[in-house]
Amino acid sequence: MDDFSQICFVCSRPKEGMHRHPQVNLPICNDCSGTDAEKQALDDLTEGLAEGFVCGCI
Ligand SMILES: [Zn+2]
């Protein structure tokens with residue numbers, strides 16, 4: 001069960017030296033931290049949230 005928290009949310013691979021991304025509270029590995037792939041994954045996550053948020057205004 002603990003394995004899930006060891007999987008990077010950007011590359012979806014189990015890696016060593018994971019830490020939690022403060023913005024989304026998900027595990028991310030050092031290889032992905034600060035890369036465009038991280039930004040892309042963040043965009044996908046926050047976009048989904050923003051959509052639900054904006055829906056009421058239209
Ligand atoms: Zn990664």
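The values are calculated or read from the model by the stated rules, or taken from the named source; none is laboratory data. Only a predicted model underlies this, so the values are computations on that prediction, with no experimental measurement involved. Reconstructed Cβ throughout: ideal geometry from the backbone, glycine too, with neighbour counts over all protein chains shown.
Restricting attention to segment 1-15 and to residues that are charged (D, E, K, R) and within 11 Å of the ligand (Cβ to nearest atom), the residue that is modelled with the highest pLDDT turns out to be Arg13. In segment 38-47, of all residues being loosely packed, with under 15 Cβ neighbours inside 10 Å and not charged (D, E, K, R), the one that is nearest to the ligand (Cβ to nearest atom) corresponds to Gln40.
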